[in-house]
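Read through the structure below, which is laid out as structure tokens, and then see the notes.
The values are calculated or read from the model by the stated rules, or taken from the named source; none is laboratory data. These numbers come from a predicted model, not from an experiment. Note that each Cβ is placed from the backbone with ideal geometry, even for glycine, and that neighbours are counted across all protein chains shown. The area values use the complete protein model at the heavy-atom level, side chains included, leaving out ligands, DNA and RNA. Shrake-Rupley method; radii C 1.70, N 1.55, O 1.52, S 1.80 Å.
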Amino acid sequence: MHLYNLTLQRATGITHAVHGNFSGSKMQEILVSRGKSLELLRPDPNTGKVHTLYTVEVFGIVRSLMAFRLTGGTKDYIVVGSDSGRIVILEYIPAKNVLEKVHQETFGKSGCRRIVPGQHLAIDPKGRAVMIGAIEKQKLVYIMNRDAEARLTISSPLEAHKSNTLVYHTVGVDVGFENPMFACLEIDYEEADTDPSGEAAHKTQQTLTFYELDLGLNHVVRKYSEPLEEHANFLVSVPGGNDGPSGVLICSENYLTYKNLGDQHDIRCPIPRRRNDLDDPERGMIFVCSATHKTKSMFFFLAQTEQGDIFKITLETDEDMVTEIKLKYFDTVPVAAAMCVLKTGFLFVAADYLYQIAHLGDDDDEPEFSSAMPLEEGDTFFFAPRPLRNLVLVDELDSLSPILACQVADLANEDTPQLYMLCGRGPRSTVRVLRHGLEVSEMAVSELPGNPNAVWTVKRRADEEFDAYIIVSFVNATLVLSIGETVEEVTDSGFLGTTPTLSCSALGEEALMQIYPDGIRHIRADKRINEWKTPGKKTIVKCAVNQRQVVIALTGGELVYFEMDPTGQLNEYTERKEMPSEAVCMALANVPAGEQRSRFLAVGLADNTVRIISLDPSDCLSPLSMQALPAAPESLCIVEMGAGDTGPDGEPGKQGILYLNIGLQNGVLLRTVLDQVTGDLADTRTRYLGSRPVKLFRIHMQGSEAVLAMSSRSWLSYYYQNRFHLTPLSYESLEYASGFSSEQCPEGIVAISTNTLRILALEKLGAVFNQVSFPVDFTPRKFVIHTESAHLIITETEHNAYTEETKKQRRIQMAEEMQEAAGEEEQELAREMAEAFLNEDLPENTFSAPKAGPGMWASVIRLLDPVEGKTEQCVKLDQNEAALSIALCKFSNQPESQQFVVVGVAKDYQLNPRQVGGGSLYTYRLNADCTNMELVHKTSLDEVPTAICSFQGRLLVGVGRMLRLYDMGKKKMLRKCENKKATLIPGGSESLVYTTLSGTVGVLVPFTSHEDQDFFQHLEMHMRSENPPLCGRDHLSFRSYYYPVKTAKYTYVYCRQNVLDGDLCEQFNSIDLAKQKSIADDLDRTPSEVSKKLEDIRTRYAF
């Protein structure tokens, strides 16, 4: 069987983050790597909301990432170290919205190898050179420069290798415009390697080594090396030249040290610890990441400890000599992989949070710690953590990483199944429910005096930014609301309020128009009103309007066409068009920029056809093309999609394509390409949306046209990041909608649902799922679904953790020790401090849980209603009991309706070296509605029960290396001698759903014919050669990390057995049109046919 891999949700765990002006504008962007993909983010400088500009799969593992700027430049480039054995420099091109490869230099073998560079990157702060280093031995330096056309150039590599040396971290030292300098944390293991006793390994010291790039002689020298007292984990470069004293800060266990070349003395300061911390006091404290903020007049560092506490670090200097390190507790946020301080005053924490820096922490009463303060060796400073004071959370990115378990089920009875996931670790763990759909923000809901049937918004003038009126039509009246600070009814707008309305819109520069069953009302800017009345007893049944044109259909199928002249007058075309049957829907495209009119009218007729009619003066109202439909049409909408932005110099972007969207009465949406020259219809795509007739509405999303489609569920069709998206809205069903723009909601939707008017916003375009998350206490490991009640039974297990009961006991013990340690005069103060300590309640999801030490475990078993998010019961296990497996069972010797929960538990389990005090099977009796379970008995085992499942009325258990079968006994279990397929969409085919630790959700789908398999195999092959991965990795070898397949007698080629890469195939839609045509020609297809095949295989199984 051949399978096709589709990624539904890209990885969400951030491994690296850098910031800079990548677009060349004044805007600050953040580039993050998520394992094997790169994503460019831009925080809105006013609201702080983070928007994704561009995401790309690199088909390689990103090992390191740095931003740099050439001296005197205004734009930042990106250097990527990966498993490709190449250094790659990328540039963001905003006009095309792509990352382009500027340079790619090969230096070694592919793969994450110890001696192949790529793990460490360091940039000279002036942008003159980059060092790329391996974990062991090899370091290469490349010189960066410009050529005569101001293009970036890169030199041949200069070696800075040292054998028998392990590298922990490298940074570029800021030395101004002197020879570039790099600092490395290294260990020389040569002696330890040759000493069989192991003593040399214990005595080996880490060294700080400086490497200098001599620009004159064009080679790298090892300038200076010095052993370190404590083991360090990373370095921070200190601004130099005219900006500061230069040198590095060494972050090591329990200490922060400043070092520099020359006469500078070492300055050493202990890392402050939390006062009355429940952590093991013998455990060392380290910084895990840092960010530097530099202005013309000052600089400071923010460094985060492994508990999440951020310290502001400043250096006191005396004539370029550092005299003192000062640390001040700043705030506590979740532990991050990286931090970035943006010039716009934001702090990006690469645990998916963006904060506004409200205060710099200079004027508060927080104590400041200094290296100059006298302390005994081994002593440290203490501080009290507190809620945020200097930072304000402005945005949070949804992250699923790590996903520990996942099941697909429709527990909420919504027809479309949901994905139930166990995510996160420690106190930040969650149970998440993922639904296919866009998240909808409800901005306002207002009740109306009846049930309306339509709603529109209009601007007073075409050049105004925001809408002025909301017009609501009822069966026999029209309500006009003005938009301002509040939304209020107005009566002097010129709209006729005593009739239902068929359409409202702005006409020309500053006029408004209302179409109602008996005529057309043209409202001029000076409130003059021109009216056109229907002839005889005829009425208007349907209409289509844009900025300059109006077409109406009268009863009997007669079309009347109006066009606005240069004076603003609406003129009727001399002839009318008789249609062969009643018009049931009509649509006009917007007038293209710089033109007088839209050239095409689409009309849907009762004879199950849609016809394109010309509005060009040379052949006005003559038919151009026709398409037969499988059912009666309900609604039409013409939009232009796929247009590129204009370039920085005003050059035009990519031209968009006109699409005719056809909503049918049987709930199907058709999307057809409308040829902008001939009016021909081609390349029809089909999608079933729901059980009700499909109504279509044109709105604006991110400055481009989009279509809102309403059936039994509402859907949004839009073009985003070089591909089409058709995504349902995770919201109740709507009946009619229009675009809405106000100061508070620039790109919103105004919609009606029964008797309410709703203003909605869609902010997370590109997202496939929206999520609901429920916090849990510890890392959730496994879960089972009780199908009768739709409840989840979850095991949560944490290593290096205390149970709630043990924490409480430790707090009481520490409070007693406080009072005992105090003298007689301090007893009252000590009692107050002990009481405050006992009542302290800092949320562990922000301030982290105390680390109990290796071999310490805490576990709970939770009964959860995932629809309501309600915990029905939480069974807490004793300290050092680890729940490792779970199963829901029925036993043949028990009543048929009775279900049991069996949990496999390890006692006193040490991971390294592995030791275990035995295992147990805890058997619980579950009630019928899964709200309560009671312990029946415990069965002791001699090893750890790592896997359990129900098997033919008994229990199958993996105990250590044995597989045992148990039956239910009165006092204990009696010893007797998965891949799961899922359907993701209603009526869809089955597929294998998988999730990864980094937060990816994907499916493996089977091909239904040899023809399809052959087509995608050839498409994948062409894409490999025409669109090689961005970071230089060979696609075939990357996707084949784990399966070497013998293809000839002595030849091994790494290839995935019978799995084709949909992620690579889908990049076909984003490559150059010339390349698309070349590949399509080789496949004997057109580009649109290839694109249709890609869309069909995705929508057949997923979304």
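Here are the numbers for the structure shown:
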quantity: Answer from A761, A815, A737, A751 - the residue that is open to solvent by less than 10 Å² (accessible area, probe 1.4 Å), of a type outside the set (D, E) and touching a Lys or Arg at 6+ places or on another chain (Cβ under 6 Å); calculated: A751
quantity: Residue list for the range 777-788, restricted to those being within 30 Å of E844 (Cα to Cα) and open to solvent by 10 Å² or more (accessible area, probe 1.4 Å); calculated: D777, F778, R781, K782, F783, V784, I785
quantity: Extreme residue, surrounded by the fewest Cβ atoms within 10 Å (Cβ to Cβ), among residues of the range 617-633 that are part of a strand (DSSP E or B) and polar (S, T, N, Q); calculated: S625
quantity: Filter result (of a type outside the set (V, I, T), open to solvent by less than 10 Å² (accessible area, probe 1.4 Å) and under 30 Å from I1071 (Cα atoms)) within the range 702-716; calculated: A706, L708, A709, L716
quantity: Qualifying residue in the range 190-203 (condition: touching a strand residue (DSSP E or B) at 6+ places or on another chain (Cβ under 8 Å) and hydroxyl-bearing (S, T, Y)); calculated: no
quantity: Qualifying residue in the range 830-844 (condition: in contact with a strand residue (DSSP E or B) (Cβ under 7 Å, 6 or more places away or on another chain) and either at pLDDT 85 or above or not in a loop (DSSP other than H, G, I, E, B) (or both)); calculated: no
quantity: Any strands (runs of 3 or more DSSP E) falling wholly within the range 1-120 and containing at least 1 residues that are among the acidic types (D, E); calculated: 29-33, 37-43, 50-57, 86-93, 98-106
quantity: So Y142, is it part of a strand (DSSP E or B), of a type in the set (S, T, Y) and farther than 26 Å from G216 by Cα; calculated: no
quantity: Single unsatisfied condition, H725 versus (1) farther than 19 Å from S473 by Cβ; (2) in a loop (DSSP other than H, G, I, E, B); (3) open to solvent by less than 40 Å² (accessible area, probe 1.4 Å); (4) touching a Ser or Thr at 6+ places or on another chain (Cβ under 8 Å); calculated: (2)
quantity: Hits in the range 396-435 (condition: part of a strand (DSSP E or B) and surrounded by 20 or more Cβ atoms within 10 Å (Cβ to Cβ)); calculated: I403, C406, Q418, L419, Y420, M421, L422, C423, V431, R432, V433, L434
quantity: Strands (runs of 3 or more DSSP E) contained entirely in the range 536-577, each with at least 1 residues that are of a type in the set (D, E), buried (at least 16 other Cβ atoms within 10 Å of the Cβ) and modelled with pLDDT of 90 or more; calculated: 558-564
quantity: A887 being modelled with pLDDT of 90 or more and closer than 28 Å to V333 by Cα; calculated: no
quantity: I785 being outside the structural domain of E488 (by the TED database) and at pLDDT below 90; calculated: no
quantity: Some residue of the range 803-820 being assigned by the TED database to the domain that holds V902 and either aromatic (F, W, Y) or assigned to a loop (DSSP other than H, G, I, E, B) (or both); calculated: yes
quantity: Any hit, the range 205-217, residues being under 30 Å from F287 (Cβ atoms) and surrounded by fewer than 19 Cβ atoms within 10 Å (Cβ to Cβ); calculated: yes
quantity: Residue ID - farthest from N590 (Cα to Cα), chosen from residues in the range 663-704 that are touching a Gly at 6+ places or on another chain (Cβ under 7 Å) and among the aliphatic types (A, V, I, L, M); calculated: L689
quantity: Residue within the range 267-285 that is open to solvent by 20 Å² or more (accessible area, probe 1.4 Å), over 22 Å from S370 (Cβ atoms) and not in a loop (DSSP other than H, G, I, E, B) present; calculated: no
quantity: Matching residues, the range 488-518, being part of a strand (DSSP E or B) and surrounded by fewer than 17 Cβ atoms within 10 Å (Cβ to Cβ); calculated: E488, E489
quantity: So A444, is it modelled with pLDDT of 85 or more, buried (at least 18 other Cβ atoms within 10 Å of the Cβ) and either of a type in the set (A, V, I, L, M, F, W, C) or on the phi > 0 side of the Ramachandran plot (or both); calculated: no
quantity: Only listed residue being open to solvent by less than 10 Å² (accessible area, probe 1.4 Å), touching a Pro at 6+ places or on another chain (Cβ under 6 Å) and at pLDDT 90 or above, chosen from V58, V32, V88; calculated: V58
quantity: Qualifying residue in the range 314-323 (condition: more than 21 Å from V175 (Cβ to Cβ) and outside any strand (DSSP E or B)); calculated: no
quantity: Qualifying residue in the range 582-605 (condition: over 22 Å from Y688 (Cβ atoms), touching a Cys at 6+ places or on another chain (Cβ under 8 Å) and surrounded by fewer than 20 Cβ atoms within 10 Å (Cβ to Cβ)); calculated: no
quantity: Residue list for the range 34-60, filter: within 15 Å of A350 (Cα to Cα) and out of contact with any Asp or Glu (no Cβ under 8 Å at 6 or more places or on another chain); calculated: R34, G35, L38, E39
quantity: Filtered residue count, the range 133-160, keeping only those that are within 23 Å of S225 (Cβ to Cβ) and either over 35 Å from the mean Cα position of the chain (by Cα) or among the polar types (S, T, N, Q) (or both); calculated: 6
quantity: Hits in the range 828-879 - residues which are of a type outside the set (A, V, I, L, M, F, W, C) and closer than 30 Å to E788 by Cβ; calculated: S859, R862, D865, P866, E868, G869, K870, T871, E872, Q873, K876
quantity: Some residue of the range 190-204 being open to solvent by less than 30 Å² (accessible area, probe 1.4 Å) and either under 25 Å from S82 (Cβ atoms) or in a strand (DSSP E or B) (or both); calculated: no
quantity: Among residues of the range 860-880, those that are in a strand (DSSP E or B), open to solvent by less than 30 Å² (accessible area, probe 1.4 Å) and within 28 Å of G953 (Cβ to Cβ), counted; calculated: 5
quantity: Hey, L65 within 22 Å of the chain's Cα centre (by Cα), modelled with pLDDT of 95 or more and open to solvent by less than 30 Å² (accessible area, probe 1.4 Å) or not; calculated: yes
